[in-house]
Amino acid sequence: MPKGKPRGSLCNPSSRIRNNNAKRLSLQTGIKNLVLFLLLGVFITPFGGNASVPDSLLTSPSEGLQKPARFYLVAGTQIAGYTAALMALNQAWYKDYPRSSFHFHNDLPDWLQQDKLGHMTAAYQLSRISFGTFRWAEADNRRSAWFGAISASAFLTAVEVLDGFSAEWGASVSDAVANKLGAALFLTQQLTWEEQRIIMKYSFSASGLAQYRPSLLGSTLPERMLKDYNGQTFWLSVNLSSILFADSWLPDWLNVAIGHGAYGMLGSRSNPIFYNGSDLPYFERCRQWYLAPDIDLSRIPVQNPWLKALLGGLNFLKMPAPAIEYNRIKGLQFHWLFF
């Protein structure tokens, strides 16, 4: 099994920082959205995970459903799925908190911007999944790309509206911008290259900090994967053969990834001194930068179309690999295996 991030050894204790109302933003996470979107894409269609659908799955109009019927099936299923997801979000995340008139909240300084990268990754991956469904229905790259990006943006905008009517949160302009940037990254590549050469990915390793504030950072592994930004890394994974070394000896699936993480965050903007009447350790908040090889699973040459679709669906995960890390506390470090 790959070793997790040795995050606890990276940043040393620092002076006390006053407590703030971090709980107010603890549930508003990009990864919350990302997981919902990926699950939604898996159940919308078996082809939703691939940004480039195998030709064998793109049947002609004379085979199976006619193209208009496919389009209406995909559009209707997405609308129903998005509506169900919003209802589930409302029940799971908002119903126990007071409502208010629509308002905004500036959360740009929170979590060393880890949550903004989460929003970008969610928007990118949802656009990719939605594109796959319209590609199956339309077999037209340009329209499918636009439909995918617009549907992703529309759904994320609806989530921001829910935040805006919650007294505990508030609509975030920076979240909305991050959502648009993630969708735009997908759309621009699909329209320009008809493929994804730069992929936004996610990885997680237990930080060891959630034990200090489990209500905020999660008490179980699934909760920590959603809430603990100390353990999350967001990546830009670049395909080498398509961008740098076309027609070279490099395998088509080989990528290089640049990652951003953070550590030492027991609150959204600053760290509290006490929790449940007990003193908390003092951690210095810092960013972490990574460089590592990666695999574009959608480019692995497999013949089975269903296996290819499965690999494409898992392509939101950064693969474990050796990595170089830089942080301002300890400078350059090397990890033999990092996720």
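The values are calculated or read from the model by the stated rules, or taken from the named source; none is laboratory data. These numbers were taken from a predicted model, which means no experiment stands behind them. A quick note on method: Cβ atoms are made from the backbone with ideal geometry, for glycine too, and the neighbour counts reach across all protein chains shown.
The conditions of being buried (at least 23 other Cβ atoms within 10 Å of the Cβ) and either over 19 Å from the mean Cα position of the chain (by Cα) or under 23 Å from residue 267 (Cα atoms) (or both) are not met by residue 96.
Residues considered: 337, 307, 332. Of these, the only one that is free of Cβ contacts under 8 Å to residues at least 24 places away in the same chain, touching a strand residue (DSSP E or B) at 6+ places or on another chain (Cβ under 9 Å) and loosely packed, with under 15 Cβ neighbours inside 10 Å is 332. Being β-branched (Val, Ile, Thr), exposed (fewer than 14 other Cβ atoms within 10 Å of the Cβ) and more than 20 Å from the chain's Cα centre (by Cα) holds for only one residue in 324, 300, and it is 324. Checking each residue in region 166-195 for being buried (at least 17 other Cβ atoms within 10 Å of the Cβ), hydrophobic (A, V, I, L, M, F, W, C) and outside any helix (DSSP H, G or I) picks out 169, 171. Identify the single condition in (1) touching a strand residue (DSSP E or B) at 6+ places or on another chain (Cβ under 9 Å); (2) within 23 Å of residue 229 (Cβ to Cβ); (3) touching a residue at least 60 places away in the same chain (Cβ under 8 Å) that residue 160 does not satisfy, given that it satisfies every other one. That leaves (3) as the condition not met. Every test in (1) surrounded by fewer than 19 Cβ atoms within 10 Å (Cβ to Cβ); (2) assigned to a helix (DSSP H, G or I) is passed by residue 106 save one, and that test is (2).
Among residues belonging to region 270-297 that are at pLDDT below 90 and in a loop (DSSP other than H, G, I, E, B), point out the one that is surrounded by the fewest Cβ atoms within 10 Å (Cβ to Cβ). Residue satisfying both the conditions and the ranking: 277. Exactly one residue out of 216, 266 is touching a Pro at 6+ places or on another chain (Cβ under 8 Å) and either farther than 23 Å from residue 339 by Cβ or of a type outside the set (Phe, Trp, Tyr) (or both): that is 266. Just one of the listed residues (242, 219) is touching a Lys or Arg at 6+ places or on another chain (Cβ under 8 Å) and either surrounded by fewer than 22 Cβ atoms within 10 Å (Cβ to Cβ) or touching a residue at least 60 places away in the same chain (Cβ under 8 Å) (or both), and it is 242. On the given criteria, is residue 255 among the polar types (S, T, N, Q), within 22 Å of the chain's Cα centre (by Cα) and closer than 13 Å to residue 296 by Cα? Judged against the criteria, residue 255 is a match.
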